[in-house]
Amino acid sequence: MTLNLKGGRLINSSITLSDGNLSTEVDSSVLKICGGYSLEGNVRISGAKNSALVIMAGALLCSGDCRISNVPLLADVERMGQVLTALGLSLQRHEDTLDINARDILTSKAPYELVTQLRASFFAIGPILARLGVAQMPLPGGCAIGARPVDLHVRGLQAMGAEIEIEHGICHAQVSGNNGRLKGARIYLDTPSVGATETLMMAATLADGETIIENAAREPEVVDLANFCNSMGAKIQGAGTGTITIVGVDKLHSTEYSIIPDRIEAGTFLVAAAITRSELLLSPVVSEHLIPVISKLKDIGVSILQESTDCLRVKPAQKLKATNIDTLPHPGFPTDMQAQFMALLSIADGDSIINESVFENRLSHASELNRLGAEIRVKSNTAFVRGVPILSGAPVIGTDLRASAALVLAGLAAQGETIIQGLKHLDRGYDRLDTKLQQVGAKIIRT
Ligand code: UD1
């Protein structure tokens with residue numbers, strides 16, 4: 001794995017595949033889309049980004065070998081790999097399989113430059129503390145979509161016996177008593193945070209006694225992480241419900257595990273078909289993970305058929321109708337699909353209201369969509385979308401991962417040429433989105 005640093009910082013990057021290895025390269029490329037064409041064909045959905053990142057952190061719990069398959073090719077996955085390498089782990093990637101050996105964790109201190117760029121790497125504080133009894137993790141900091149504190153992670157670890165001090169932007173955690181081993185605890189989360197649930201669940205797998213996490217996040221990626229940990233011998237029950245019970249064990253063993261399909265990537269392609277009034281086949285997917293997304297698409301007038309157990313067919317929509325959306329923790333409508341739906345509703349017939357309830361600053365794509373001719377007014381955390389008959393291509397900038405995806409979708413539907421900058425965000429979380437779109441007939445190129 002390679003890392004490009006300029007002045008000590010990871011710079012604008014894109015990912016390329018060479019000899020099965022992922023490399024990060026200097027890049028100032030843009031996407032050019034010639035919109036207004038329909039799509040047709042099959043799309044292969046990659047492994048889930050949010051599962052891959054946290055399962056890679058989970059590999060820290062095991063002193064043996066973890067073989068993880070269906071790992072998506074993403075800049076974020078590479079950065080997470082770099083965090084683990086910096087901690088002393090050995091990693092080998094071959095195509096979509098990643099081998100991680102965490103027999104030796106050489107340091108309890110994660111590298112500032114990487115952790116501050118990748119929020120999920122902070123979640124590794126749980127397994128590092130569980131394995132070593134000490135961890136030093138830079139705070140992930142704010143990001144484009146909001147402040148994103150880690151107080152729930154910290155309070156949960158304190159309840160399990162860790163002493164935590166935050167100094168100069170570093171979270172210093174230590175377990176002094178109980179031979180350096182965390183103790184099981186009953187933890188109630190004020191909000192069902194995905195990351196806090198995952199941090200605490202990982203920490204509890206090796207703790208002394210039973211941990212109960214109440215008001216836990218119920219996202220499919222939490223269940224995926226629990227299944228991965230259980231495949232190493234952890235005793236986790238109730239993942240996917242609001243109460244997760246973990247009985248700590250002394251040691252976890254080697255495993256082989258395959259990551260679930262990415263529901264957000266699948267949802268993005270469902271919207272790509274809807275916005276271009278096309279027919280697409282998507283596989284593999286777990287349709288139960290997409291219930292809120294499919295249900296909203298049906299309200300909008302898009303029909304989706306279950307072709308086989310893991311395959312969905314989207315039919316070309318005759319007419320797109322306005323609807324209202326409120327983002328919520330799972331099984332509510334995912335905040336990670338809000339931007340893509342805003343692009344779709346911008347050309348639906350009528351007025352839609354989108355309320356972003358999970359993050360405080362996640363509507364920045366509205367002004368970029370307006371550049372393409374959309375009529376969206378934002379007040380606080382609510383976007384009022386008045387559907388227009390057609391969008392028109394323009395130069396736009398993606399401000400965060402899903403905002404960039406929304407601009408790609410809008411560009412596919414817009415008349416003329418759309419040029420999208422800010423691809424470092426897109427490449428963080430989509431596995432070759434432009435290539436997959438090209439394969440189903442989109443006129444999209446990276447230059
Ligand atoms: C994860 C996902 C992200 C998704 C989000 C919500 C990963 C790597 N990322 O992010 O794609 O958009 O879930 O589904 O899995 N909060 C606190 N204190 C905390 C932790 C969170 O107040 O200690 C708040 C956050 O500010 C936010 C809300 O809880 O308003 C939900 O955040 P959370 O579920 O923790 O999101 P992440 O795990 O960071």
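Limited to the range 341-357, what total is found for residues that are open to solvent by 60 Å² or more (accessible area, probe 1.4 Å) and of a type outside the set (D, E, K, R)? If you could, list the steps in order and put the result at the bottom.
Taking the range 341-357 first, the residues open to solvent by 60 Å² or more (accessible area, probe 1.4 Å) are 349, 351, 353, 357.
Subset that is of a type outside the set (D, E, K, R): 353, 357.
Count: 2.
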key: Matching residues in the range 318-340 - criterion: being within 16 Å of Gly387 (Cα to Cα), open to solvent by less than 10 Å² (accessible area, probe 1.4 Å) and of a type in the set (A, V, I, L, M)   = Leu320, Ile325, Ala339
remark   = When the range 148-197 is checked residue by residue, the ones that are within 13 Å of the ligand (Cβ to nearest atom), open to solvent by less than 40 Å² (accessible area, probe 1.4 Å), among the β-branched types (Val, Ile, Thr) and part of a strand (DSSP E or B) are Ile164, Ile187
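Give me the strands (runs of 3 or more DSSP E) completely within the range 14-60, filtered to those with at least 1 residues that are of a type in the set (Gly, Ala, Ser) and modelled with pLDDT of 95 or more, ordered by residue number. Give the derivation first.
On the way: elements: 21-26, 31-35, 40-44.
Here the list reads 31-35, 40-44.
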Looking only at the range 358-369, and only at residues there that are within 15 Å of the ligand (Cβ to nearest atom) and free of Cβ contacts under 8 Å to residues at least 40 places away in the same chain, the one that is surrounded by the most Cβ atoms within 10 Å (Cβ to Cβ) = Leu363
task = Could you please tell me which pairs satisfy a Cβ distance under 9 Å, a separation of 6+ or placement on different chains, a first residue in the range 391-414 that is under 20 Å from Arg428 (Cα atoms), and a second residue that is part of a loop (DSSP other than H, G, I, E, B) and polar (S, T, N, Q)?
result = Thr399/Ser364; Asp400/Ser364; Ala403/Ser364; Leu409/Thr276; Ala410/Ser346
request  = Give the range 261-308 a look and list any residue that's open to solvent by 40 Å² or more (accessible area, probe 1.4 Å), among the aliphatic types (A, V, I, L, M) and in a helix (DSSP H, G or I), or say none.
outcome  = Ile291
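For (1) acidic (Asp, Glu); (2) part of a loop (DSSP other than H, G, I, E, B), each residue gets a yes or a no:
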site	(1), (2)
Pro316	no, yes
Pro331	no, yes
Gln338	no, no
Phe341	no, no
Glu360	yes, yes
Ile376	no, no
Ala405	no, no
Val408	no, no
Thr418	no, no
request  = Mind listing whichever residues of the range 111-139 are farther than 21 Å from Ser69 by Cα, crowded, with 24+ Cβ neighbours inside 10 Å and either within 16 Å of the ligand (Cβ to nearest atom) or without any contact (Cβ under 8 Å) to a residue 60 or more places away in the chain (or both)?
outcome  = Val115, Phe122, Ile125, Gly126, Leu129, Ala135, Met137
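The values are calculated or read from the model by the stated rules, or taken from the named source; none is laboratory data. A quick note: this is a predicted structure, and the numbers were derived from the prediction, not measured. Please note: Cβ atoms are built from the backbone with ideal geometry, for glycine as well, and neighbour counts cover all protein chains shown. Each accessible area value is taken on the protein alone, full model and side chains, heavy atoms only, with ligands, DNA and RNA left out. Shrake-Rupley method; radii C 1.70, N 1.55, O 1.52, S 1.80 Å.
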